[in-house]
Amino acid sequence: MAINVVGLVAVVVFYVLILAIGVWASKKSKKEEKKCVGTKSEVTMVGGRNISLLVGIFTMTATWVGGGYIMGTAEAVYSPSQGLIWATGPLAYVITFFLGGMFFAKPMRSKRYVTMMDPFQHRYGNSFTTFLLLPAVISDVLWVACILAALGGTISLILDLSSTYAIILSAAVAITYTLLGGLYSVAYTDVIQLFFIFISLWICVPFLVLSPAISEIKFPALLNQSQQVHWMGELKLEDAGKWIDELLLLALGGLSYQALYQRILSASSSLQAQITCFSAAVLVFILGVPSVIIGAVAASADWNQTAYGYPPPFERGEAGKVLPLALQYLTPTWVSVLGIGAVAAAVMSSMDSVLLSSASMIARNIYKSTLRKQASDKECLWVIRLTVLLVGLGGMGLAFVGDSVFSLWLVGGDLIYCIIFPQLICVLHCPCANGYGAATGYFFGTLLRILSGEPLLGLTPVLLFPGWRKDEVTGVVLQYFPFRTLAMLVSLLSIPLASYLAQLIFTHHLLPHTWDILGVVKEERETAEMRDENVEEKLPTASDKLLATTSTIC
């Protein structure tokens, strides 16, 4: 097949535009470094806490509206085994931003943290923070690999170009402008990418709906109750546990990503951070509507009337590519090119955020705080740049592996939900949490998740929860109980209980203080001393009373 030259030129022009905006934003970043009171590395990581409200809203939304969100929503709506009710992405992300604005934005921004791992480092120390940071960074690398692989498959389908070139080109552009300007380049390119996603996808929708291969799209409101709309899907009572588990995995797991807090911490105030989250909740839902329509159109299409032919994508095992397939075979060429531009924009808007978030945590919470405490600010900047490059190249290399990377990324998301999310709740909202509780929660959350099994990795479940089934074709055991949420809750409850127990043991001398390797007793003593000092400062002295009386008389 011949390369789609017009489409290729359009994609290259789009990439050049994004790169130009990134270069312009890098100049703004350098100007901000001169004005900023903080270090240059903080300007790179959180934009000098001077990102405007509108840019903050757009970059927050663009980070979550990635290739997986757009293509995954369309796939779920199209798939006969799922349908709209199983497309939990839009609802889950609304919950993520709403809860983020309500309970996480203010405590994180008011204390002027720089990364999501800062509160852990302040309370538990460097060793546990490094241990907790590992699954977050691994998940980010695998996330980069997955979104690049998705983009490569989409471009190769529509432009008849090798996916290898698409992956390399996209990675190179995203790495370059992230290296140049840090958060400023990421934020301002996200604005353009978000506009492009919104406009191009909505332009595609009318052409899809009016395609000759679409005879009728059935909507529930136009049908009798006895008639079922296949793309709406069905949620049976025995599947409710799995549905809840997947919804909470996306919604609450999303609160455990550094990319979210990088935007919260870049706001000029706690109030602006909260407004950013609430506004992003509205926009992310609106941007999911075109994908829902595309999935419904693909489910209603007569593919035999197109060049794609019969059987349809689901029967060929290509449901994951239904969005680019619909653009390719149900719309004119120039419209499909716009669609591929939207996917490319979505992928890059997520990739640059992931690159910078991983680099920020590694540079600040591992290199600067643990490995080399005397490192200069300039040295930290170079570590950030080197890490951006390594994470980008690592993700690009893994993108060629295929489905196994996607499986690992899903498991990485599980670990973030089961381990990091309960830790984050406790470190921000549970004053009694200490290192012993954190380690206990980490252990039980990980153990329970592993024992629950994972078909994607070939792990047979040791614990069989109510409602489990065995696939008739593959023989794989599938859990329909919300086992991920159970692991998260066990971890969440273990942290305060184990913390209180450890505190009780050492303060009542049930074990000698020399066994207190995490310093719980020492922390309690320092806290009490600080409390006493504050009380003494507030109590008026005799001279203060005399001075007050004199002032009153005068």
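Taken together, the values in this text are just the output of simple stated rules run on the coordinates, not laboratory data. All values reported here derive from a predicted model rather than from experimental measurement. Ideal geometry is used to build each Cβ from the backbone, glycine not excepted, and the neighbour counts take in all protein chains shown.
The table that follows gives values for the structure above.
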item	result
Cβ-Cβ FRET estimate between THR460 and LYS236, R0 fixed at 41 Å, reported to 0.05	0.95
Gain in span if fully extended, THR164 to LEU489, counting 0.36 nm per residue against the direct Cα distance	112.8 nm
Estimated [θ] at 222 nm from DSSP helical runs (n ≥ 4, -39500 (n - 2.57)) normalised by residues in the chain, nearest 500	-22500 deg cm²/dmol
Residue order, fewest to most beta carbons within 10 Å, for ASP414, ASP190, ASP471	ASP471, ASP414, ASP190
Order of SER494, SER270 under a 10 Å beta carbon neighbour criterion, fewest first	SER270, SER494
Cα gyration tensor category, rounded, prolate or oblate, for the chain with a/c compared to 1.5	prolate
Nitroxide proxy distance, nm - points 7 Å out along Cα→Cβ at LEU17 and VAL282	2.6
Ordering of 94-105, 345-356 by burial proxy (mean other Cβ atoms within 10 Å per residue, highest first)	345-356, 94-105
TRP64, TRP202 arranged by Cβ crowding within 10 Å, fewest neighbours leading	TRP202, TRP64
Positive dipole terminus of the chain, leading residue within GLY254, ILE85, GLY467 (C-beta point charges)	GLY254
FRET efficiency for LEU371 and LEU210, using Cβ-Cβ distance with R0 set to 41 Å, rounded to 0.05	0.10
Dipole magnitude of the chain about its Cα centre (Cβ charges: Lys, Arg +1; Asp, Glu -1), debye to nearest 20	1400
Label-to-label distance, nm, for residues given as LEU386 and LEU510 (7 Å Cα→Cβ offset)	4.7
